[in-house]
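Accompanying notes for the structure given below.
What follows is calculated from the coordinates using simple rules that are stated; it is not laboratory data. Keep in mind it's a predicted model, so treat the numbers as computed, not measured. Reconstructed Cβ throughout: ideal geometry from the backbone, glycine too, with neighbour counts over all protein chains shown.
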Amino acid sequence: MDAEEILRLKNSWQAFVVEANRPDPTVIAMLSAYGTGELVHSLELVMQWPNEKIEYKRSFHLLDGDLERLTYEVFEELAAIGPKVKRR
């Protein structure tokens, strides 16, 4: 990855965060759960632009603790990026 690509990604991320913090943002957050009905072992948070371009993706794994703690971590992450982001 060269300096030009890093700058492009940085600018895209900064624009995403600005949009995510607008009063009525157009960006979308999707949360997927993996596991069974009895045991969810991981969650994946994907944040994207309205044109479906993925800007951010992070996986959260249940290594210790419980699902409540894992869910709390995901929503803390989302709130830090943009508290009014549309959730799906």
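Structure summary
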{"quantity": "Output for region 46-88, where each listed residue is touching a Pro at 6+ places or on another chain (Cβ under 9 Å) and over 15 Å from MET30 (Cβ atoms)", "calculated": "LYS84"}
{"quantity": "Residues of region 49-72 classified as farther than 14 Å from TRP13 by Cβ, surrounded by fewer than 16 Cβ atoms within 10 Å (Cβ to Cβ) and within 11 Å of the chain's Cα centre (by Cα), total", "calculated": "1"}
{"quantity": "Residue match in region 8-18 (condition: of a type in the set (Phe, Trp, Tyr) and more than 15 Å from ILE81 (Cα to Cα))", "calculated": "no"}
{"quantity": "Wholly enclosed strands (runs of 3 or more DSSP E) of the chain bearing at least 3 residues in contact with a helix residue (DSSP H, G or I) (Cβ under 6 Å, 6 or more places away or on another chain)", "calculated": "40-48"}
{"quantity": "Total residues in region 32-48, condition surrounded by 10 or more Cβ atoms within 10 Å (Cβ to Cβ) and either out of contact with any Gly (no Cβ under 8 Å at 6 or more places or on another chain) or over 18 Å from GLY65 (Cβ atoms) (or both)", "calculated": "11"}
{"quantity": "Meets criteria (loosely packed, with under 10 Cβ neighbours inside 10 Å and either without any contact (Cβ under 8 Å) to a residue 12 or more places away in the chain or on the phi > 0 side of the Ramachandran plot (or both)) for ASP2", "calculated": "yes"}
